[in-house]
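A quick write-up on the structure given underneath.
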Amino acid sequence: MSKIRTQLMLCGGTGCSATSPAVREVFEKELERQGLSEEVQIVETGCNGFCTLGPVMLVQPEGIFYQKIKPKDVPEIVEEHLLKGRPVEKLFYVEPASEETIPTMNEIPFFSHQMLRVMRNKGLIDPEVIDDYIARDGYFGAAKALQEMTPGQIIEEMKISGLRGRGGAGFPTGLKWEFASKSPGDIKYVLCNADEGDPGAFMDRSILEADPHAVLEGMIIAARAINSHKGYIYARTEYPLAIRRLTIAIQQAREYGLLGEDILGTGFDFDIEIYEGAGAFVCGEETALMRSIEGKRGMPRPRPPFPAQKGLWEKPTILNNVETLANVPQIILNGGEWYSGVGTETSKGTKVFALSGDVNNIGLVEVPMGISLRTIVFDIGGGIPNKKEFKAVQLGGPSGGCVPEQHLDIPVDYEEIAKVGAIMGSGGMIVMDENTCMVDMARFFMDFIQDESCGKCTPCREGTRRLLEILNRICEGKGKPGDIEDLEELSSVIKESALCGLGQTGPNPVLSTLRYFRDEYEAHIYEKRCPAKRCVALLKFEIDPDLCSKCGACFRHCPAEAITWKKKDVAVIQKDKCIKCMTCFEKCKFGAIF
Amino acid sequence: MDEEILTEEALILNDIRSHLTTFEKERGNLIPILQMIQEKHAYIPREAIKLVAEYLEIPVCEVYGVATFYNQFRFHPPGKYPIKVCLGTACHVRSGDIILENFERKLEIKEGETTPDREFSIERVACVGCCALAPVAIVGETVHGHMAPSKVEGLLLRIRIEKEKQEREKLTISGNN
């Protein structure tokens, strides 16, 4: 057997997958050509997290980090770095602020502020090889739980750890398991919620793609704790790569005797099936998810009875989110005390966020609880691009709210975030700059919620639609006095009377933007003006002669030939020809169009 | 055109009939069956709903109720080049809705519709998970990142040119034979 001296960990996550297969192909050819195929191994990993720089590659064991690799760069990497030992500097990461070149991954600020627990294996293992996972202590937690611990001890350890549900609501995981373990019955179910529906959130997908076995191991431990023999993973059908890797992982775990009958010779039986969700946001709600697995419309039902008593097919059931389950193996292996050593009084461990929007470093980050939002946005995220001003960061998607500049120093903590009107949520974190219209953001989320409302209860079905109508009117310049008060009253009624979490939290984006950006609503309603220049109906499509640099960029790109311009002259938009396509706004670098 | 669709549907229904029997007659299999139909044929024809209801021995309205509840299922054949415009939060912040509007205007159809020549269809999707590339549009299987209003026309033009090229090649090949 030949000895592999170098491993090329090439990211194959969804963000990089548009380009990385082409890069891989050239690598294979070049390694072959230089006679290195035996010594250098290419490994396609799950999401590395630094999606902005994709496709990225880590060269192990030296830890050199290459970014934005193009197929044409590959021959140089192979020849210079792998053959002659001279890393290719032009592909190193450059810190935008200091313009300093950083060769290794651990020194890049994006990575150095993070604390990896759930994502400890990301980019380091081949997610399709179970041995890679086992080599990193994989399934040791399950072995300990099955061979050395009683169900009561497992639950006790979980309670000590202080782990709370990472799906957003933050219910203590140990308690949930305890309820289900005390429910009478021989048939119980363990469900994994991988129906990540929040637009702008991709944490669970990346965990499943990078480390699927961690989730399976968490489910095995959960099954042991409540004495269940059957589990389902409810996964979004829009995540084909995650589903493929899970399928492979389940198959390999069965072959190794880690799933199926008599696991590790302990006499304990447990198996897992994947159920592909068909795309309904409300199915992230636990009772709706269970109806969906039963083949019905995914509509929630009132609780109690809670799923721990009557869940899937009326049997006691626990439902945990992907990230929650991926935490479990390490808690069992290292102990609850170890886990709770990181975090705040009420929020323990780490949290994974999908950082996106108007921020330099878009990607997946895992941080210890208690870190400030400012550190995440400005140190890890690298601040706002194009020298624009920070406006707010949105947490928790359609159920959440936004945090403006003045509250950016609050720590990541379930209670502290709730105090400023947002929620921890499942981990979507969208940064917004000065060009984001907050009324439009509220309208965007309300459009989503009213579309995804299942229609069972009136406050949500009718109420969210009325909210959207008002917001649409405001954005179209037809707002009238009293609209803001109507929004507030309607929102509070929906919050109080809706049946499930979707409706109860649905008005949050409206309330939160009203709380911090009421002046923007007022500008829309009373002055018929969108301060962020985002609401098309409120734009005049005129050119400010003082700001116009007379460059003619708008003229050249206008698809409707609605702009007249001559050299050294201010451009003019002819309104009768203008189709309001926004191309001129995109092309004008001087903000001269309003 | 309609006749063409009808003959196509007859073939599709036969195919569905032959695949139904691989599923056990369980209520829990309803969604997997609908997913199988959608995966094989890209949409669920009206008559297929009746077939599934008969097979599972449940009312047609229940099958219809489930099929219309979930976003995954569509009831019209998509275009040869299905365009999906991402309207997740990150794409919205970077003006994904304006990209959608530009596609709609260029192709003269609304989202959820297919052009009369069945070449293009437009759909909006909620987050495809490439937020770093926002705003994103997907044509067929190809992800197009960092979209801008000015890129929409060029993208459509490129597809048309590509297609004409392929047709010409086909002609030359058959001409050589």
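Brief remarks on what is shown
- Accessible area in square angstrom per residue, segment A:182-337, 1.4 angstrom probe: 30
- Overall form of segment A:422-478 per C-alpha gyration tensor (a/c, 1.5; a/b vs b/c): oblate
- Label-point gap, in nm, between B:Glu169 and A:Lys3 - each point 7 angstrom along Cα→Cβ: 4.7
- For the chain pair A and B, the interface hides roughly 3500 square angstrom of accessible area in total, found with a 1.4 Å probe.
- Rg/Rh for chain B, where both radii come from Cα atoms and Rh is the Kirkwood radius: 1.04
- Computed magnitude of the charge dipole of segment A:358-420 (debye, nearest 20; Cβ of K, R +1, Cβ of D, E -1): 260
- For the listed peptides A:330-338, A:482-490, a ranking on the average number of other beta carbons within 10 Å per residue, highest first, reads A:330-338, A:482-490.
- What the Cα atoms of segment B:3-69 give is an Rg and a Dmax of 11.2, 35 Å.
- Using the Cβ-Cβ distance between A:Ala135 and A:Glu345 with R0 set to 56 Å, the FRET efficiency works out to roughly 0.95.
- Taking amide H positions as modeled 1.01 Å from N, with prolines and chain starts lacking one, the residues under 5 Å from A:Asp433 and 5 or more places away or on another chain are A:Asp358, A:Lys391.
- Cα centroid of segment A:435-476 to Cα centroid of segment B:48-107, whole Å: 20
- Among A:Gly455, A:Gly479, A:Ser492 - extreme Cα towards positive end, dipole of segment A:439-513, charges at beta-carbon: A:Gly455
- Among A:43-50, A:261-268, A:459-466, the peptide with the highest mean count of other Cβ atoms within 10 Å heads the list, and the full ranking is A:43-50, A:459-466, A:261-268.
- Residues whose amide H comes within less than 5 Å of that of A:Tyr189, counting only those at least five positions distant or on another chain, are A:Thr317, A:Ile318 (H built at 1.01 Å from N in the peptide plane).
- Two-site label geometry, A:Leu511 and B:Lys25: point separation in nm, points 7 Å out along Cα→Cβ: 5.1
- 10 Å Cβ neighbours from other chains, averaged over peptide A:421-433: 1
- Positive-end residue, segment A:6-107 charge dipole about Cα centroid, Cβ charges, pick of A:Thr101, A:Leu58, A:Cys47: A:Cys47
- Distance between the modelled labels on B:Ala10 and A:Glu522, one decimal in nanometres: 6.9 nm (7 Å Cα→Cβ projection).
- Structural descriptor for segment A:67-136: relative contact order 16 percent, calculated from alpha carbon pairs under 8 angstrom and at least 6 residues apart.
- Calculated from backbone phi, Karplus (6.51, -1.76, 1.60) coupling profile of segment A:252-263 in Hz, x at Gly/Pro: 5, 5, 5, 4, 8, x, 9, 9, x, 8, 6, 5
- Between segment A:1-70 and segment A:311-374, the C-alpha centres lie 29 angstrom from each other.
- Shape of segment A:257-296 from the C-alpha gyration tensor: prolate (a/c of 1.5 or more and a/b above b/c, with a ≥ b ≥ c the square roots of its eigenvalues).
- Its relative contact order, with pairs defined as Cα atoms under 8 Å and 6+ residues apart, puts segment A:540-594 at 46 percent.
- Reach of A:Lys72 by Cα under 16 Å, taken over lysines that are not fewer than 8 positions away in the same chain: A:Lys29, A:Lys90
- Length released on extending from A:Ile274 to A:Glu337, taking residue separation times 0.36 nm less the Cα-Cα span: 19.4 nm
- Pairs beyond 32 Å (Cα-Cα), from B:Lys25/B:Lys80; A:Lys528/A:Lys589; B:Lys50/B:Lys165; A:Lys533/B:Lys163: B:Lys25/B:Lys80; B:Lys50/B:Lys165; A:Lys533/B:Lys163
- Averaged over B:94-100, number of beta-carbon atoms from partner chains that fall within 10 Å: 4
- Segment A:130-340, dipole about Cα centre (Lys/Arg Cβ +1, Asp/Glu Cβ -1), debye to the nearest 20: 760
- Annotation: extensible slack from A:Arg254 through A:Asn227 equals 7.8 nm (criterion: 0.36 nm per residue apart, minus Cα-Cα distance).
- Summarised in one figure, the compactness ratio Rg/Rh of segment A:129-223, Cα atoms and Kirkwood Rh, is 0.98.
- Peptide A:142-153 - average C-beta neighbours from other chains (10 Å radius): 0
- The antiparallel fraction among DSSP beta bridges confined to the protein assembly as shown stands at about 55%.
- Heavy-atom accessible surface of segment A:122-163, averaged per residue, reaches 41 Å², computed with a 1.4 Å probe.
- Burial here means at least 40 square angstrom less accessible surface with every protein chain in place than with the chain by itself, probed at 1.4 Å; in segment A:260-290 the buried residues are A:Tyr275, A:Ala278.
- Tail weight of P(r) past 41 Å, computed on alpha-carbon pairs of chain A, percent: 31
- Peptides A:436-445, A:366-375 ordered by packing proxy, namely the average of other Cβ atoms within 10 Å per residue, highest first: A:436-445, A:366-375.
- Aspartates and glutamates whose Cα lies under 20 Å from that of B:Lys106, excluding same-chain neighbours fewer than 8 positions away: A:Glu561, A:Asp576, A:Glu586, B:Asp97, B:Asp117, B:Glu119, B:Glu123, B:Glu153, B:Glu162, B:Glu164
- Three-way shape call for segment A:6-107 based on the alpha-carbon gyration tensor, with the a/c threshold at 1.5: oblate
- Average accessible area per residue (Å²) across segment A:438-526 - probe 1.4 Å, nucleic acids and ligands excluded: 39
- Here segment A:242-259 and segment A:79-109 have alpha carbon centers that stand 36 Å from each other.
- Extension gain, A:Ala537 to A:Glu89, is 156.4 nm, computed as 0.36 nm per intervening residue step minus the present C-alpha separation.
- Nearest-0.05 FRET efficiency for B:His146 and B:Lys50, computed from C-beta distance (R0 51 Å): 0.70
- Rolling a 1.4 angstrom probe over segment A:350-433 with all protein chains present gives an accessible area of which 48% lies on carbon and sulfur atoms.
- For chain A: relative contact order, % (alpha-carbon pairs under 8 angstrom, 6 or more apart): 11
- When only the Cβ of Lys, Arg, Asp and Glu is charged (+1, +1, -1, -1), the dipole of segment A:463-544 relative to its Cα centre reaches about 240 debye.
The values are calculated or read from the model by the stated rules, or taken from the named source; none is laboratory data. The shown structure was predicted, so the numbers you read here are calculated from the model rather than taken from an experiment. No Cβ is skipped: glycine too gets one built from the backbone with ideal geometry, and neighbour counts run over all protein chains shown. Heads up: the accessible areas ignore ligands, DNA and RNA and are worked out on the full protein's heavy atoms, side chains in. Shrake-Rupley method; radii C 1.70, N 1.55, O 1.52, S 1.80 Å.
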